[in-house]
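Undergrad: One structure coming up, written as structure tokens, with questions to follow.
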Amino acid sequence: MAGPIPALEERATACAAFLHDQGSVLLASHIDADGLTSAAIAACALERAGIEFETVFEKQLDEAAIAAIADTEYDTVLFTDFGSGQLDVIAAHEDAGEFTPVIADHHQPADRDTTYHLNPLLFGINGASELSGAGASYVLARALAETGDGIVDAGDEPGHEHATPDGGTTTDPESPGSHSPRLGTATATAPLSRPTGNSPRADNRDLAALAVVGAVGDMQASGGELHGANEAIVTEGVEAGVLETATDLALYGKQTRPLPKLLEYASDVQIPGISNDANGSLRFLDDLDLELRRDGEWRPWADLTGEEKQVVASALVQRAVTSGVPPHKIDDLVGTSYVLATEAVGTELRDASEFSTLLNATARYERADVGLAVCLGNRAGALERARQLLREHRRNLSSGIDLVTEEGVTSEAHVQWFHAGDRIRETIVGIVAGMALGNAGISRSKPIIAFANKDEEAVKASARGTHSLVRQGLDLSAVMGEAARAVDGDGGGHDVAAGATVPAGREAAFLEFADELVGEQLS
Ligand SMILES: [Mn+2]
């Protein structure tokens, strides 16, 4: 029995064996694309292992949230995509005998440890670029499939819930193991059905697709592809038939965007006369002498034949070369695409990057139930609701970007910043900042820090950098953490994207610290 990541195998097996000994588990996960896929992977694996569970989501695992978790009657709590950074607080509850934590996370651990702690950083694997929360959860899921008493037949296990014909489950509503009302319609369909035989479902390899969506959602595909431990998960997904990879155009929206929009909105590589140029994109495609419209509608990239893709891609590269785009940027036009092979062509769910965007839209508007349901296979109500949330989200983003571009940013020595007050929601101000990087007057050579009001007392600060700045030494997680703590706030995240909560009125002092720290990192 070898899991996907040998370095994590022993710890994953210990965590899985412990979970198998528990009657029921509280599953707590972070609300974002990685956290939602983490929860979905864990939920499927627990269900298949015959372990009852309830799911809760938290935007932030602060002391109050952990105390509320400790107050439940669960003796075991499985944390996914968070928990490591809060281990000092969690361990205090463990010491008090309130619950035993099992943690599948990839964030920097606090200065404490616990027995069932599965985190790539403890085993020399980079948690920012090589394994996400969903990846850690996947490693645990694979171990759960390996360490059980073997395959459980539906209805065979005494006292366990039975699958109903609609794919849901029946449980005693009074039992702590019954599904949370927060799951609502999330009760899953296909992926939860009980595994039989030696199939990708029996060993949980079919969950690799969700792990890849989580990794992509956490921005781990740098330079156009996933690396390290993530690659091992991709390999398992391909072998299991749930993933396909290809060298493809590295633009966002290959499944759902009409071709001209695909080209016009591509922002990572700026091609003069095409990027941010609706008419230019149309002219470029019209000149190609291909039938790119069907019934008057522009086809999406995913609908093109290999030959057609080749023609468009070559012409695009040609145009980039003749308009002076530097060679390393032209390389960025091509990357590895991660296609979810069992999802319908032309849907968001078919493309890992579009899938993660859809999940993030549900998360930003506190509809983790919708995102989880989509991950678990709900293709009717939940998917439509998620699409609606994404449409609203895009409207909010575009008005946010307009605002920043119109008002501009203030440039300090090493960072640039703006304060949106109440005019941009704090849950999206970071994405707006990231998307505004590179717009007129907003340089890509300095990280950007965006502020938005959280409530009366606190301001959210979000920072975004570029992978090229990270290669020069930028670590926004450290910057946001240290600068926030210097003004009695707190923060953290990843090297290329991080956030902080700052007491209202302390923004200027926070900025001064952040500017100095970035200066030190990039010197
Ligand atoms: Mn994560």
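Undergrad: Can you tell me how many residues in segment 101-111 are surrounded by fewer than 19 Cβ atoms within 10 Å (Cβ to Cβ) and not acidic (Asp, Glu)?
TA: Of all residues in segment 101-111, those surrounded by fewer than 19 Cβ atoms within 10 Å (Cβ to Cβ) come to 108, 110-111.
If we keep only those that are not acidic (Asp, Glu) too, we end up with 108, 110.
Qualifying residue count, segment 101-111: 2.
Undergrad: When you check Arg391 against the structure, is it assigned to a loop (DSSP other than H, G, I, E, B) and either surrounded by fewer than 19 Cβ atoms within 10 Å (Cβ to Cβ) or small (Gly, Ala, Ser) (or both), yes or no? Reasoning before the result, please.
TA: Working: assigned to a loop (DSSP other than H, G, I, E, B): no; either surrounded by fewer than 19 Cβ atoms within 10 Å (Cβ to Cβ) or small (Gly, Ala, Ser) (or both): yes.
The answer is no for Arg391.
Undergrad: Hey, any hits in segment 327-335 for a residue that's at pLDDT 95 or above and within 16 Å of Leu243 (Cβ to Cβ)? Quick ask: steps written out before the conclusion?
TA: Filtering segment 327-335 for residues at pLDDT 95 or above gives none.
For segment 327-335, residues at pLDDT 95 or above and within 16 Å of Leu243 (Cβ to Cβ): absent.
Undergrad: Right, something else. Is one or more of the residues making up segment 457-464 among the polar types (S, T, N, Q) and outside any strand (DSSP E or B)?
TA: no
Undergrad: Next up: Mind listing whichever residues of segment 66-86 are part of a loop (DSSP other than H, G, I, E, B), more than 16 Å from the ligand (Cβ to nearest atom) and either of a type outside the set (Val, Ile, Thr) or without any contact (Cβ under 8 Å) to a residue 12 or more places away in the chain (or both)? Steps first, please.
TA: Filtering segment 66-86 for residues part of a loop (DSSP other than H, G, I, E, B) gives 72-75, 81-86.
Going one step further and asking which of them are more than 16 Å from the ligand (Cβ to nearest atom), we end up with 72-75.
Once the filter is applied, which keeps residues that are part of a loop (DSSP other than H, G, I, E, B), more than 16 Å from the ligand (Cβ to nearest atom) and either of a type outside the set (Val, Ile, Thr) or without any contact (Cβ under 8 Å) to a residue 12 or more places away in the chain (or both), segment 66-86 yields Glu73, Tyr74, Asp75.
Undergrad: For segment 94-109, give me each residue that is away from the ligand (no atom under 16 Å from the Cβ) and either in contact (Cβ under 8 Å) with a residue 40 or more places away in the chain or touching a Ser or Thr at 6+ places or on another chain (Cβ under 7 Å) (or both). Reasoning before the result, please.
TA: Applying the first criterion (away from the ligand (no atom under 16 Å from the Cβ)) to segment 94-109 yields 94-102.
Glu94, Phe99, Thr100, Pro101, Val102 - these are the residues of segment 94-109 that are away from the ligand (no atom under 16 Å from the Cβ) and either in contact (Cβ under 8 Å) with a residue 40 or more places away in the chain or touching a Ser or Thr at 6+ places or on another chain (Cβ under 7 Å) (or both).
Undergrad: Now for a separate question. Within segment 333-380, track down each residue that is over 19 Å from Ala215 (Cβ atoms) and part of a strand (DSSP E or B).
TA: Matches in segment 333-380: Val334 only.
Undergrad: Being in contact (Cβ under 8 Å) with a residue 12 or more places away in the chain and either out of contact with any Pro (no Cβ under 9 Å at 6 or more places or on another chain) or within 16 Å of the ligand (Cβ to nearest atom) (or both) is the requirement here; does Ala45 meet it? I'd like the intermediate steps shown before the answer.
TA: On the way: in contact (Cβ under 8 Å) with a residue 12 or more places away in the chain: yes; either out of contact with any Pro (no Cβ under 9 Å at 6 or more places or on another chain) or within 16 Å of the ligand (Cβ to nearest atom) (or both): yes.
For Ala45, the condition - in contact (Cβ under 8 Å) with a residue 12 or more places away in the chain and either out of contact with any Pro (no Cβ under 9 Å at 6 or more places or on another chain) or within 16 Å of the ligand (Cβ to nearest atom) (or both) - is met.
Undergrad: Quick one: is Val374 among the β-branched types (Val, Ile, Thr), without any contact (Cβ under 8 Å) to a residue 40 or more places away in the chain and over 27 Å from Ala500 (Cα atoms)?
TA: Details: among the β-branched types (Val, Ile, Thr): yes; without any contact (Cβ under 8 Å) to a residue 40 or more places away in the chain: yes; over 27 Å from Ala500 (Cα atoms): yes.
Here the answer is yes, as Val374 does meet what is asked.
Undergrad: From the list Ala91, Ala33, pick out the single residue that is crowded, with 24+ Cβ neighbours inside 10 Å and either modelled with pLDDT of 95 or more or more than 14 Å from the ligand (Cβ to nearest atom) (or both). Give the derivation first.
TA: On the way: Ala91 fails: crowded, with 24+ Cβ neighbours inside 10 Å.
Of Ala91, Ala33, the one residue that is crowded, with 24+ Cβ neighbours inside 10 Å and either modelled with pLDDT of 95 or more or more than 14 Å from the ligand (Cβ to nearest atom) (or both) is Ala33.
Undergrad: Among the residues of segment 64-78, which ones are closer than 20 Å to Tyr116 by Cα and surrounded by fewer than 15 Cβ atoms within 10 Å (Cβ to Cβ)?
TA: Scanning segment 64-78 gives Ala67, Glu73.
Undergrad: Based on this model, can you work out whether Glu10 counts as away from the ligand (no atom under 16 Å from the Cβ), free of Cβ contacts under 8 Å to residues at least 24 places away in the same chain and either closer than 14 Å to Leu78 by Cα or not in a loop (DSSP other than H, G, I, E, B) (or both)?
TA: Numbers: away from the ligand (no atom under 16 Å from the Cβ): yes; free of Cβ contacts under 8 Å to residues at least 24 places away in the same chain: yes; either closer than 14 Å to Leu78 by Cα or not in a loop (DSSP other than H, G, I, E, B) (or both): yes.
So Glu10 fits the description; yes.
Undergrad: Checking the conditions here, which among Arg182, Arg201, Arg142 is closer than 20 Å to Val77 by Cα, at pLDDT below 85 and either of a type outside the set (Asp, Glu) or surrounded by fewer than 20 Cβ atoms within 10 Å (Cβ to Cβ) (or both)? Working first, answer last.
TA: Numbers: Arg201 fails: closer than 20 Å to Val77 by Cα; Arg142 fails: at pLDDT below 85.
After applying the criteria, what remains is Arg182.
The values are calculated or read from the model by the stated rules, or taken from the named source; none is laboratory data. Being a predicted model, the structure only gives us computed values, none of them experimental. We place every Cβ from the backbone using ideal geometry, glycine too, and count neighbours over all the protein chains shown.
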